[in-house]
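Asks: Before we start, here is the structure in question, set down as structure tokens.
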Amino acid sequence: MSHGVFSDLVGQDEAVETLRRAAGAAARVVAGEQVGSGSMTHAWIFTGPPGAGRSLAARAFAAALECERDGAGCGECHGCRTVLGKTHADVRFVVPEGLSIGVGEMRALVLRAATAPSGGRWQVVVIEDADRLTEAAGNALLKAIEEPPPRTVFLLCTPSTHPDDISVTIRSRCRVVALRQPPADVVAAALVERDGMAADTAFWAAAAAQGDITRARLLAADPEARARREAVLAVPKRLTGVGACFDVAAALVQSAKAEAAASVVDFDAAERSALEQALGAGGTGRGAAGAMRGAAGQIKDLEKRQKSRATRAQRDALDRALVDLAGFYRDVLVTSLRAPVPVVHGDVAPQSEAAARKWTAESTLRRLEAVLACRESINQNVKPEIAVEAMMLGLWKG
Ligand SMILES: [Zn+2]
């Protein structure tokens, strides 16, 4: 198995082949050679279900574009390593800090992307969650995609190419790389082979993570992540009445908040102290009062950004919990239908089997739908507490 930048895209051979070929063509462009029209594209869309590796694929392709060894994506040269570490000067990652990517942010980005790449290769803009572009931001991006500067590449990640996720006009200007959810056994094999993980841990983690290799690694390594998952999987048996529904809902939301807070705390503090240092450097002498007023404004802006990032992290944490929970009800359903597919949460199979004996397939399906409806509501900005309470009541009633 290759150890280049594409090696984490397990079970995605077709997509990897497309990207390798494009990166090779891009390297020939950089070298000043002629390439056939259509062999290099300036705008790409990476689609696939959560955990299929959209962001991984986009980042790997960006690295291959900046790879100093003829676009091979060797994973070892300075270009590859700085892209993978998100510190390459010509590669920008846009992760919406709030719930959408605004037009101001997009315009600034498009302007910077039009400048000549400092490393002499490509300016790359990776837009994770391109489905969160506002309409105005989408239009600003469309203009750049329609007439791309010669050395600029846009990489957009969205769940699908449905018009709800990405506008039809942007879609029509992009080449689409469709990623699939890799089968758990393929992911497990990669974890054993590449990470040297014990086989039983690898198979358990890959199944529990539903093929998401990043989450599988986290589950295998982090006891807190495992404890959170266990708490989520204990939800169904705790729903014994209306009061319990509200208690369990509150606990689930609280746990997502705590997880999110822990994930941003170090970053927030570092960001704040960097800003304070930058502001403090010119903080004495004439004009200091004016500078201080400006400083207060900048700190306020930073606090606003951090708050919005915390909200986003909370929703992401909650969504991971809901995916685990949906996996449980899916397991109940495949068990009661005797479907010949492996269960997601093998370690709680006794519970899903007991539930399959107790509930009709129809009521299990209604429960699964309640979880999916909750994810959808949160995605539509319904307050998490309200969406989760409604879901718990649905799960209890069946
Ligand atoms: Zn390289």
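Here is a yes/no grid of residues against (1) part of a helix (DSSP H, G or I); (2) of a type in the set (Lys, Arg); (3) in contact with a Lys or Arg (Cβ under 6 Å, 6 or more places away or on another chain); (4) modelled with pLDDT of 95 or more:
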{"position": "331", "(1), (2), (3), (4)": "yes, no, no, yes"}
{"position": "339", "(1), (2), (3), (4)": "no, no, no, no"}
{"position": "351", "(1), (2), (3), (4)": "yes, no, no, yes"}
{"position": "362", "(1), (2), (3), (4)": "yes, no, no, yes"}
{"position": "366", "(1), (2), (3), (4)": "yes, yes, no, yes"}
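Asks: While we're here: Check region 198-208 and report whether any residue there is free of Cβ contacts under 8 Å to residues at least 40 places away in the same chain, assigned to a loop (DSSP other than H, G, I, E, B) and out of contact with any Gly (no Cβ under 8 Å at 6 or more places or on another chain).
Replies: yes
Asks: Kindly provide the set of residues from region 148-194 that are small (Gly, Ala, Ser) and in a helix (DSSP H, G or I), ordered by number.
Replies: 172, 184, 188, 189, 190, listed by residue number.
Asks: Here is a follow-up. Could you pull out the residue among 48, 73, 104 that is surrounded by fewer than 21 Cβ atoms within 10 Å (Cβ to Cβ) and of a type in the set (Gly, Ala, Ser)?
Replies: 104
Asks: Is it the case that some residue within region 95-117 is farther than 18 Å from residue 141 by Cβ, within 16 Å of the ligand (Cβ to nearest atom) and touching a residue at least 24 places away in the same chain (Cβ under 8 Å)?
Replies: Within region 95-117, one or more residues are farther than 18 Å from residue 141 by Cβ, within 16 Å of the ligand (Cβ to nearest atom) and touching a residue at least 24 places away in the same chain (Cβ under 8 Å).
Asks: For residues that are part of a helix (DSSP H, G or I) and among the β-branched types (Val, Ile, Thr), scanning just region 368-396, find the one that is modelled with the lowest pLDDT.
Replies: This residue is 378.
Asks: Can we say residue 145 is in contact with a helix residue (DSSP H, G or I) (Cβ under 8 Å, 6 or more places away or on another chain), open to solvent by less than 30 Å² (accessible area, probe 1.4 Å) and outside any helix (DSSP H, G or I)?
Replies: no
Asks: Quick one: residue 211 ticks every box in (1) buried (at least 21 other Cβ atoms within 10 Å of the Cβ); (2) in a helix (DSSP H, G or I); (3) in contact with a Gly (Cβ under 9 Å, 6 or more places away or on another chain) except a single one, so which number is it?
Replies: (2)
Yes or no, residue by residue, for (1) among the aliphatic types (A, V, I, L, M); (2) in contact with a Ser or Thr (Cβ under 8 Å, 6 or more places away or on another chain); (3) more than 30 Å from residue 118 (Cα to Cα):
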| site | (1), (2), (3) |
| --- | --- |
| 133 | yes, yes, no |
| 139 | no, no, no |
| 144 | yes, yes, no |
| 156 | yes, no, no |
| 163 | no, no, yes |
| 168 | yes, no, yes |
| 173 | no, no, no |
| 180 | no, no, yes |
| 187 | yes, no, yes |
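Asks: Also, I was wondering about something else. Scan region 59-70 residue by residue and report those that are more than 8 Å from the ligand (Cβ to nearest atom), open to solvent by 10 Å² or more (accessible area, probe 1.4 Å) and not basic (Lys, Arg).
Replies: 70
Asks: Quick check, is residue 87 touching a strand residue (DSSP E or B) at 6+ places or on another chain (Cβ under 8 Å) and hydroxyl-bearing (Ser, Thr, Tyr)?
Replies: No, not satisfied.
Asks: All but one of (1) open to solvent by less than 20 Å² (accessible area, probe 1.4 Å); (2) away from the ligand (no atom under 11 Å from the Cβ) hold for residue 32, so report the exception by its number.
Replies: (1) is the only condition that residue 32 fails.
The values are calculated or read from the model by the stated rules, or taken from the named source; none is laboratory data. It should be emphasised that the depicted structure is a prediction, and the values quoted were computed from it without experimental measurement. All Cβ positions, glycine included, derive from the backbone under ideal geometry; neighbour counts span all protein chains shown. Accessible surface is based on the protein model in full, side chains and every heavy atom, while ligands, DNA and RNA are left aside. Shrake-Rupley method; radii C 1.70, N 1.55, O 1.52, S 1.80 Å.
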